[in-house]
Protein chains: 2
Amino acid sequence: MPKQVDYEARRLRIADAVCALIARSGMEAVSLRDVAAEADVSMGAVQRCFRTKEEMLLFALEHISRRVGERAEERIAATSAPQAASTLLTHTLSELALLDEESRTQAHVWLAFVGHAPAGERLAAVLRDTYAKLHDLVEWLIRYGQDTEEIPQHLDPAHEAHSLLAVADGLTVHVVAGYHSPETALAVLQRQVDRLLR
Amino acid sequence: MPKQVDYEARRLRIADAVCALIARSGMEAVSLRDVAAEADVSMGAVQRCFRTKEEMLLFALEHISRRVGERAEERIAATSAPQAASTLLTHTLSELALLDEESRTQAHVWLAFVGHAPAGERLAAVLRDTYAKLHDLVEWLIRYGQDTEEIPQHLDPAHEAHSLLAVADGLTVHVVAGYHSPETALAVLQRQVDRLLR
DNA sequence: CACTTTCCGATGCACTTGCATCATATCCCT
DNA sequence: AGGGATATGATGCAAGTGCATCGGAAAGTG
């Protein structure tokens with residue numbers, strides 16, 4: 001049997017390089033050569049991993065979508081059981097809003113892709129169902145809050161989830177655009193969650 | 001005196017072409033040649049109007065920022081005087097969220113620029129103070145609502161304006177990404193405004 | 001150690017990019 | 001009408017683009 005290589009690992013490595021480049025200098029600055037250099041592999045390797053540039057970008061998007069989702073669930077799981085539903089909600093949403101410094105990169109990348117949604121249908125599809133998943137997550141948290149009686153029964157979890165997701169994404173935009181600091185954004189988010197509690 | 005040309009008009013024409021191109025196929029698809037073709041002028045004309053491509057993009061961004069702001073104020077002014085503050089708020093916000101079909105182009109362009117904010121400082125500056133202006137507008141509307149006693153006095157107009165703006169921008173993202181229909185988004189916005197009224 | 005099979009990375013290629021150049025056409029003022 | 005300033009658009013150019021190609025390096029098996 002011939003030489004074998006861990007393609008998946010390399011793909012991930014390349015995806016990270018793509019994200020770094022996008023975050024640093026925008027999406028149009030992403031060229032195969034630059035990606036190869038950033039990932040510290042040869043251009044040939046990149047071409048072997050992805051048949052086309054678009055495929056590469058798509059994979060990068062799926063990659064960060066997955067990471068965002070995972071981190072959110074992880075944060076929920078990590079919270080020790082007897083936690084107030086409201087703080088759970090706040091934490092999760094602030095994770096989704098990509099506010100902290102380390103998530104900044106992901107926020108840039110995410111918005112760059114949103115900006116390209118009209119251009120690529122497959123890309124838009126990934127965005128769509130990532131949002132659907134996140135919505136379900138938030139809705140579930142709200143129901144949980146209703147079970148613990150922190151959140152009034154008369155509120156519609158699906159509706160409230162839509163609002164909260166919108167606020168979170170709006171804040172992402174505002175932070176990336178430099179209009180809000182992460183702290184301010186967090187405060188806005190907090191107030192929005194608190195409003196559910198009465 | 002020699003030949004004279006209405007540069008401002010041409011610049012606007014070119015800016016519109018830029019926006020159309022961005023909305024149709026993303027920001028990286030914008031080349032001087034394509035812009036010239038779309039605006040139906042020669043490439044030389046484009047180069048005379050803007051010294052560099054970046055300058056052209058910046059102008060285009062300022063252009064649509066101005067248009068969004070103007071349309072919002074226009075909608076307020078057009079509303080006959082004895083209008084409920086709440087409907088005024090809803091109308092203005094839905095305008096800002098760029099929900100309707102005709103604003104779709106502007107929404108795409110706007111988000112494309114947000115995606116490039118990290119890359120260009122001057123660009124980010126425009127975004128920042130456009131948001132500042134919009135915030136002031138919304139805050140003013142909320143105060144007006146408090147004057148007419150539709151909105152409780154104990155609410156902080158600045159804070160509420162932040163929340164509402166965030167929701168509006170979040171919905172813009174969701175609509176552009178194809179996750180929400182404009183109608184759904186409008187409903188979310190409506191509910192968010194209604195919540196202020198008690 | 002050879003050998004087969006997979007992988008690599010340099011190079012080539014056709015094309016596009018943003019910007020500079022310049023002869024020509026265009027217009028206003030005297 | 002004509003002179004002189006200005007705008008114009010075709011063309012040139014170097015750099016960069018995505019993708020295709022291919023000789024040879026590398027690795028697991030006999």
### Message
Out of everything in region A:127-144 that is modelled with pLDDT of 95 or more and of a type in the set (D, E), what residue ends up being most open to solvent (accessible area, probe 1.4 Å)?
### Response
A:D136
### Task
Kindly indicate whether A:A124 is touching a Gly at 6+ places or on another chain (Cβ under 8 Å) and buried (at least 17 other Cβ atoms within 10 Å of the Cβ).
yes
### Query
Restricting attention to region B:31-60, which residues are within 18 Å of B:H108 (Cα to Cα), within 10 Å of DNA strand C (Cβ to nearest atom) and among the hydrophobic types (A, V, I, L, M, F, W, C)?
B:V35, B:M56, B:L57
### Task
Would you mention how many residues in region B:8-30 are away from DNA strand C (no atom under 12 Å from the Cβ), in contact with a helix residue (DSSP H, G or I) (Cβ under 6 Å, 6 or more places away or on another chain) and of a type outside the set (A, V, I, L, M)?
4
### Message
I want to confirm something. Restricting to region A:63-83 and keeping residues that are over 19 Å from A:D16 (Cβ atoms), among the hydrophobic types (A, V, I, L, M, F, W, C) and open to solvent by less than 40 Å² (accessible area, probe 1.4 Å), which single residue is nearest to DNA strand C (Cβ to nearest atom)?
### Response
A:A72
### Task
Report the residue count in region A:147-197 for those that are within 11 Å of chain B (Cβ to nearest Cβ) and more than 20 Å from B:A158 (Cα to Cα).
9
### Message
Is it the case, given these coordinates, that B:A78 is farther than 24 Å from A:Q192 by Cα and free of Cβ contacts under 8 Å to residues at least 24 places away in the same chain?
### Response
yes
### Query
What helices (runs of 4 or more DSSP H), lying completely within region A:1-62, carry at least 1 residues that are within 24 Å of A:D129 (Cα to Cα) and open to solvent by 50 Å² or more (accessible area, probe 1.4 Å)?
A:7-25
### Message
For the structure I just gave you, tell me whether B:H174 is open to solvent by 10 Å² or more (accessible area, probe 1.4 Å) and either under 18 Å from A:F113 (Cβ atoms) or under 15 Å from the mean Cα position of the chain (by Cα) (or both).
### Response
no
### Task
Answer yes if at least one residue in region A:88-108 is open to solvent by less than 80 Å² (accessible area, probe 1.4 Å), out of contact with any Pro (no Cβ under 8 Å at 6 or more places or on another chain), within 11 Å of DNA strand D (Cβ to nearest atom) and over 23 Å from B:D169 (Cβ atoms), and no otherwise.
no
### Task
Quick one: B:Q83 ticks every box in (1) closer than 28 Å to B:R191 by Cβ; (2) in a helix (DSSP H, G or I) except a single one, so which number is it?
(2)
#### Entry: region B:177-198: number of residues that are crowded, with 23+ Cβ neighbours inside 10 Å and not aliphatic (A, V, I, L, M)
3
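The values are calculated or read from the model by the stated rules, or taken from the named source; none is laboratory data. Bear in mind the structure is a predicted one, so any value in this text is a computation, not a measurement. No Cβ is skipped: glycine too gets one built from the backbone with ideal geometry, and neighbour counts run over all protein chains shown. With ligands, DNA and RNA removed, areas are computed over all heavy atoms of the protein, side chains included. Shrake-Rupley method; radii C 1.70, N 1.55, O 1.52, S 1.80 Å.
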